[in-house]
Amino acid sequence: LGKDFVLWLHKPSMTWRCLADECPHRLVPLSEGRVEGNGNIQCAYHGWEFDSTGACVRIPQLGSGLCEDSPAVRSPSACAK
C-alpha cells in the first residue's frame, strides 16, 4: 500500500484498531508511542492522545488536558487518520 499503519488492541472493547502511523501534530509515528489503559494511543513526542476513531481526546499542554476545551482540536486536521 505504500503507507505505514499502527495497530493496537483496544482493551476496553477487545477489538483491534488501525490508524495511519503519524500524529497529525508533528507527523511522529504513533507506533513509537504507547497505549493507555483506557485504550487510547498516545504520541511519544508531545503526548497527544487519540481515541480508537482517531479523534484527539487529550493534549497535556492544555490547562485541563482535555481537547474539548480547545477549539483548535475541533478541526479535522487535529485527528489521526
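Things worth noting here:
- Screening the stretch 25-46 for residues that are touching a residue at least 24 places away in the same chain (Cβ under 8 Å) and in a strand (DSSP E or B) and picking the one that is farthest from L62 (Cα to Cα) gives V35.
- Across the stretch 1-24, the number of residues qualifying as in a loop (DSSP other than H, G, I, E, B), crowded, with 16+ Cβ neighbours inside 10 Å and touching a residue at least 24 places away in the same chain (Cβ under 8 Å) comes to 3.
- Filter result (touching a Gly at 6+ places or on another chain (Cβ under 8 Å) and either under 16 Å from E22 (Cβ atoms) or open to solvent by less than 30 Å² (accessible area, probe 1.4 Å) (or both)) within the stretch 46-60: S52, I59
- All positions within the stretch 25-45 that are closer than 15 Å to S13 by Cα, of a type in the set (A, V, I, L, M, F, W, C) and either at pLDDT below 90 or open to solvent by less than 30 Å² (accessible area, probe 1.4 Å) (or both): I41
The values are calculated or read from the model by the stated rules, or taken from the named source; none is laboratory data. Quick caveat: nothing in here was measured; it's all calculated off a predicted structure. Every residue, glycine among them, receives a Cβ derived from its backbone with ideal geometry; neighbour counts consider all protein chains shown. Note: accessible area is taken over every heavy atom of the protein model, side chains too, but ligands, DNA and RNA are not part of it. Shrake-Rupley method; radii C 1.70, N 1.55, O 1.52, S 1.80 Å.
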